[in-house]
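Worksheet for the structure shown next.
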Amino acid sequence: MPSCFVRPTSRRLDLSQGHWILVRDRLTAGDQREMFKRYYVKDPDGTRRVDNFESAVAMCLAYLVDWSMVDETGEVITIRDEPVDIVRSALDHLEPDWYTEIKTAIEAHVAEMEVVRAEEKKVRSGATTSSATSPSPAAATGGSSGSASSTPMST
């Protein structure tokens, strides 16, 4: 029986100019809840709505584990095991092109992992390639509607 828990694995994604990011392969339920909380902003009237800009940052914060980003002196800016507000600040201080490259790499990774998980679910559930609908009763018993061998309908 497969485990119901997420094994904490990660992978390195190469970026341009020799840089890289380390991202989670999968989120835990808790990671996913925290990400969804960050998707929303509160409007002046108190209602909450999804903010497309915040949802992209929330995804980066959920998946990003470490990176090779450096400051102007060449010192690596550490984000591993830092609180989320520190990582958010580091993301906010990046050159826009770097942020976009990181976001794009994470989005591609998430899409790839969704495909992998979908395949795992098929194997786990024992899914078959049978049709989604059941055959009609006539087909199940051997008869076929509309054929010359079917019994005529009385009027």
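FYI, it's all coordinate maths here, none of it is from the lab. Keep in mind the model is a prediction, meaning the values are calculated, not measured. Every residue, glycine among them, receives a Cβ derived from its backbone with ideal geometry; neighbour counts consider all protein chains shown.
The table that follows gives values for the structure above.
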{"item": "Contour excess over end-to-end distance, with Cα ends at residue 82 and residue 16 and 0.36 nm allotted per residue", "result": "21.3 nm"}
{"item": "Those aspartates and glutamates that a straight Cα-Cα span of less than 19 Å connects to residue 42, excepting residues fewer than 8 apart in one chain", "result": "34, 51, 54, 85"}
{"item": "Modelled FRET efficiency - R0 30 Å, residue 93 with residue 123, Cβ distances, 0.05 increments", "result": "0.10"}
{"item": "Length released on extending from residue 32 to residue 4, taking residue separation times 0.36 nm less the Cα-Cα span", "result": "8.6 nm"}
